[in-house]
Amino acid sequence: MPSNPFHVTHTKNCELCGKPFEKGQLLFDARLRTGQWGTVCAVCHASHGVGLGLGRGQMYHAGEEEKVAG
């Protein structure tokens, strides 16, 4: 088990718009309004996400893979 329980590996691109994540950019492991989950950029999360928190989504910095919020 990883020492950091929030450590995850994300895709290299937003799963909605396809834009690549750059190191340090915010990305979201988020539930979308459709009920599906995905790794999305901040723009797509603002328009398609349901927020942050348990059962809604988590925010990360790209390339660092450690949870920032949610």
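The string of couplings for segment 55-62 from the Karplus curve (6.51, -1.76, 1.60, θ = phi - 60°) is x, 10, x, 10, 10, 9, 9, 4 Hz, one whole number per residue in order, with x for Gly and Pro.
Coupling constants for segment 32-49 follow from the phi torsions by the Karplus curve (6.51 cos²θ - 1.76 cosθ + 1.60, θ = phi - 60°), and in residue order they are 9, 4, 7, x, 7, 10, x, 9, 10, 7, 4, 5, 5, 5, 4, 9, 10, x Hz; glycine and proline get x. For the set Leu32, Leu52, solvent exposure ranked by accessible area (probe 1.4 Å, protein chains only) runs largest to smallest as Leu52, Leu32. Heavy atoms of the protein chains alone define the surface here; on that basis segment 25-70 has 51 Å² accessible area per residue at 1.4 Å probe size.
The values are calculated or read from the model by the stated rules, or taken from the named source; none is laboratory data. These figures come from a predicted structure and were not determined experimentally. Please note that ligands, DNA and RNA were not included when accessible areas were found on the heavy atoms of the full protein model with its side chains. Shrake-Rupley method; radii C 1.70, N 1.55, O 1.52, S 1.80 Å.
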